[in-house]
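Below is one structure, written out as structure tokens; the observations come after it.
The values are calculated or read from the model by the stated rules, or taken from the named source; none is laboratory data. Remember, it's a predicted structure, so these values are computed and weren't measured experimentally. Using ideal geometry, Cβ is built from the backbone for each residue, glycine included, and neighbour counts are taken over all protein chains shown.
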Amino acid sequence: MSLALQGITKRFGATPALHGIDLAAAEGEFLALLGPSGSGKTTLLRMIAGLEAADSGRVQIGGADMAGVPARARGVGFVFQHYALFRHMTVADNIAFGLRVRPRARRPGPAAIRARVAELLALVQMPELAGRYPDQLSGGQRQRVALARALAIEPRVLLLDEPFGALDAEVRRDLRRWLRELHDRTGLTTVMVTHDQAEALEVADRVAIMRGGRVEQVDTPAGLWAAPASAFVYRFIGDAVELPCAVRGGIARFGVPGLPDLPCQLPDGDALAMLRPHEIGLAEGGEARVRAAAAGPSVRVEVQAGGLVIELLLPPGAVPPAIGSACRLDLRAARFFGRGAAQNPAPVAMCPRRAPCAGRIQGSALALS
Amino acid sequence: MTARFPPVPVAVVLAALAVLALLVLLPLAVVFAEVLDQGIGRALAAFDDPESQAAIRLSLLVAGISVPVNTLGGLAASWCIARFRFAGRGLLLTFVELPLSVSPVISGLVWVLLFGAQGWFAPALDRLGLQVIFATPGLVLATLFVTFPYVVRQLVPLMLAQGSDEEEAALTLGARPWAMFWHVTLPNVRWALLQGVLLLNARAMGEFGAVSVVSGRIRGQTLTMPLQIEALYNDFQAPAAFSMAALLALLALVTLAAKAALEWHTRRAPDAAWVPA
């Protein structure tokens with residue numbers, strides 16, 4: 001069923017948590033809420049479920065306003081970050097819970113409940129574990145039970161809060177693929193909260209990137225890659241090399257030997273040129289110098305240009321350049337974002353991962369300015 | 001698990017056991033030795049005394065009221081403290097422990113000040129013809145006050161550790177609040193609750209200080225078992241006093257055994273242990 005949020009705001013005491021969120025998911029869509037911790041994504045998810053009340057704004061499920069509708073009547077399946085399985089119930093009883101607490105008129109008979117539980121256990125591929133208790137299961141198994149339990153009530157919307165957060169990398173990958181298949185098979189509208197951009201971009205139809213209680217951008221994964229709306233989004237969805245520059249008369253200048261001037265559409269002022277490490281070209285001869293090169297799946301090269309150290313990736317099979325050799329950089333793939341505006345404060349605080357690459361450049365860039 | 005510590009010197013263990021024997025086991029043993037000394041027949045004869053029987057009945061009545069009231073009250077208070085943030089929550093958490101830290105005499109005295117002949121509510125009680133102090137209601141009130149913390153102390157830490165995820169899960173799955181409480185909240189704390197109830201019961205039966213202030217010591221009417229024991233002893237009826245004391249001590253031992261059994265069960269049972277996810 002479709003889902004719509006309009007003008008959602010929320011404060012916790014004096015702290016504003018959400019500032020006027022507008023967001024929608026079409027029927028059958030898989031929407032990911034992606035953002036660093038504290039961006040408000042979990043609060044938003046809990047509001048859809050009715051576990052948290054918005055200060056203002058509307059939540060609609062299937063076109064119906066959910067104001068005053070308690071969690072139990074919303075028909076949402078919620079999978080908690082730490083699964084929240086009932087510890088004193090077996091797997092089968094956990095899954096059956098939502099059916100057993102229905103009002104008598106809508107409650108299936110014991111045989112029907114048993115059949116439904118068996119069906120769901122088969123769906124999550126663990127029929128042999130019906131009699132186990134939650135603490136006798138691995139993390140991945142608990143995750144599947146939590147999903148089966150949420151699906152048992154035939155929800156209109158499935159909500160997942162960091163569903164893979166507590167699992168190790170390999171289990172995550174498997175479960176991710178499996179979850180997407182499950183979504184496609186059930187045709188449910190799914191909203192997933194995550195702070196892992198690879199997860200969001202791989203699984204979701206559309207990704208809403210959140211920051212500080214606001215939605216920065218909503219787009220398909222391809223759309224986010226092709227046209228990130230801000231430096232924050234650019235940085236958040238993948239490795240980023242950030243080069244501060246000054247724009248004057250349509251030309252961006254870095255003021256660093258070895259970095260060529262570039263044409264730029266931005267108005268005059270300070271800006272950031274951003275590139276993915278693999279978008280940076282490397283050519284022999286020039287004012288920059290190769291500091292280090294390491295072969296791997298693709299060749300990782302560190303280049304020193306003035307006070308900056310820039311890390312870039314050459315395609316697989318490229319010949320690593322000789323260390324110490326002179327080189328110049330091709331930055332034509334750069335994307336420019338204005339700096340100094342409120343939405344793009346100093347970049348240091350918000351490169352949540354990929355620190356080795358971007359962090360070092362930022363450090364030296366700051367030292368220069 | 002203990003293997004990480006260096007082995008404890010035997011002498012230290014023996015010293016600890018000696019202190020335990022001297023301070024705890026010996027006094028307890030004396031009670032039972034006195035009873036056995038006078039012979040089981042004579043010991044049982046002490047319970048034929050109508051005043052002693054009245055004391056036992058009164059203790060059962062006081063405990064019979066205090067235990068359910070404080071079990072339900074403690075459960076409600078624990079749930080509020082563990083699940084909600086509200087103004088005065090910290091204060092409540094501190095004051096819940098007050099009865100444990102204040103002297104039992106004061107716990108009794110406050111009720112005299114409120115409901116006694118010169119107390120705040122004396123005129124109102126007079127008009128209604130109710131007697132609280134030197135009567136059963138006073139004993140119940142004093143016992144309720146003294147025993148309130150036991151359930152809360154057991155439940156609040158456990159509920160805080162468990163968090164509210166499971167309760168919220170129950171709500172999203174369609175459970176009404178009552179179903180949530182009955183199928184999720186209560187089962188998750190049942191063993192801790194039972195331990196709290198055991199301690200609460202033991203204290204309700206054994207309380208001396210607070211009830212002695214409000215009792216007025218009317219024989220056959222306002223003497224609970226501990227007060228009866230003292231009365232008998234002061235009357236130079238040591239054998240009867242020891243018989244009664246043995247009964248009370250036996251209750252304590254049974255409570256202790258039941259509590260130990262529960263703890264053992266809790267450690268083993270998969271559903272009772274808190275497992276961080």
| request: Quickly run through the range A:286-321 and pick out the residues that are in a loop (DSSP other than H, G, I, E, B) and either in contact with a strand residue (DSSP E or B) (Cβ under 7 Å, 6 or more places away or on another chain) or of a type in the set (D, E, K, R) (or both). | output: A:SER298, A:ALA318, A:PRO320, A:PRO321
| task | Identify all residues within the range A:113-123 that are more than 19 Å from B:ALA175 (Cβ to Cβ) and either modelled with pLDDT of 90 or more or not assigned by TED's automatic domain parsing to the domain that holds A:ILE153 (or both); write none if there are none. | result | A:ARG114, A:ALA115, A:ALA118, A:GLU119, A:LEU121, A:ALA122
| query | Of the residues B:VAL184, B:VAL211, B:VAL151, B:VAL132, which single one is surrounded by 21 or more Cβ atoms within 10 Å (Cβ to Cβ) and not in a helix (DSSP H, G or I)? | reply | B:VAL132
| query | Which pairs do you get when a residue that is in contact (Cβ under 8 Å) with a residue 40 or more places away in the chain and more than 10 Å from chain A (Cβ to nearest Cβ), found in the range B:171-187, comes within reach of a residue that is outside any loop (DSSP other than H, G, I, E, B) and surrounded by fewer than 16 Cβ atoms within 10 Å (Cβ to Cβ), reach meaning Cβ atoms under 6 angstrom, with the pair 6+ apart or on two chains? | reply | none
| remark: In the range A:79-97, residues that are at the interface with chain B (Cβ under 8 Å from one of its Cβ atoms) and small (Gly, Ala, Ser) total 1
| query | Are any residues in the range A:162-176 of a type outside the set (Asp, Glu) and within 14 Å of another protein chain (Cβ to nearest Cβ), and if so, which ones? | reply | A:PRO163, A:PHE164, A:GLY165, A:ALA166, A:LEU167
| field | Check on A:ARG87, over 30 Å from A:ASP168 (Cβ atoms) and either surrounded by 21 or more Cβ atoms within 10 Å (Cβ to Cβ) or in contact with a Leu (Cβ under 8 Å, 6 or more places away or on another chain) (or both) | value | no
| query | Only one of these conditions is not met by A:LEU147: (1) in contact with a helix residue (DSSP H, G or I) (Cβ under 9 Å, 6 or more places away or on another chain); (2) more than 21 Å from A:ARG72 (Cα to Cα); (3) assigned to a helix (DSSP H, G or I); (4) more than 9 Å from every other protein chain (Cβ to nearest Cβ). Which number is it? | reply | (2)
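Quick grid of which residues meet (1) β-branched (Val, Ile, Thr); (2) within 14 Å of another protein chain (Cβ to nearest Cβ); (3) under 16 Å from A:THR9 (Cα atoms):
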site: A:GLY28; (1), (2), (3): no, no, no
site: A:LEU31; (1), (2), (3): no, no, no
site: A:PRO36; (1), (2), (3): no, no, no
site: A:GLY40; (1), (2), (3): no, no, yes
site: A:SER56; (1), (2), (3): no, no, yes
site: A:ARG72; (1), (2), (3): no, yes, no
| query | Just one of the numbered conditions (1) closer than 16 Å to A:PHE78 by Cβ; (2) surrounded by 17 or more Cβ atoms within 10 Å (Cβ to Cβ); (3) touching a strand residue (DSSP E or B) at 6+ places or on another chain (Cβ under 9 Å) is not true of A:ALA208; which one? | reply | (1)
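For the range A:180-216, enumerate the residues that are aliphatic (A, V, I, L, M), under 15 Å from A:LEU160 (Cβ atoms) and modelled with pLDDT of 90 or more.
A:LEU188, A:VAL191, A:MET192, A:VAL193, A:ALA200, A:VAL203, A:ALA204, A:VAL207, A:ALA208
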| query | For A:GLY50, are the conditions met, namely being farther than 28 Å from A:GLN136 by Cα, out of contact with any Asp or Glu (no Cβ under 6 Å at 6 or more places or on another chain), surrounded by fewer than 17 Cβ atoms within 10 Å (Cβ to Cβ) and not charged (D, E, K, R)? | reply | no
| query | Which members of the range B:188-208 meet the condition of being more than 10 Å from chain A (Cβ to nearest Cβ), assigned to a helix (DSSP H, G or I) and of a type outside the set (A, V, I, L, M, F, W, C)? | reply | B:GLN195, B:GLY196, B:ASN201, B:ARG203, B:GLY206
| request: Could you tell me whether the range A:105-117 includes any residue that is of a type in the set (Val, Ile, Thr), closer than 29 Å to A:THR9 by Cα and buried (at least 22 other Cβ atoms within 10 Å of the Cβ)? | output: no
| note | Restricting the range A:119-140 to residues that are buried (at least 20 other Cβ atoms within 10 Å of the Cβ) and outside any loop (DSSP other than H, G, I, E, B), the one farthest from the other protein chains (Cβ to nearest Cβ) turns out to be A:LEU121
| message | Based on this model, can you work out whether B:LEU158 counts as within 14 Å of another protein chain (Cβ to nearest Cβ), touching a residue at least 24 places away in the same chain (Cβ under 8 Å) and part of a helix (DSSP H, G or I)? | response | yes
| query | Inside the range B:118-155, can you point out the residues that are in contact (Cβ under 8 Å) with a residue 40 or more places away in the chain and of a type in the set (D, E, K, R)? | reply | B:ARG153
| said: Take the residues in the range B:112-132 that are within 20 Å of B:ILE218 (Cα to Cα) and at pLDDT 90 or above; name whichever of them is nearest to the chain's Cα centre (by Cα). | reply: B:VAL112
| field | Selection count where residues are in a loop (DSSP other than H, G, I, E, B) and more than 17 Å from A:GLY281 (Cβ to Cβ), scope the range A:238-270 | value | 10
| note | If you go through A:ASP161, A:ASP239, the only one that is farther than 19 Å from A:LEU44 by Cβ and either crowded, with 16+ Cβ neighbours inside 10 Å or more than 15 Å from the chain's Cα centre (by Cα) (or both) is A:ASP239
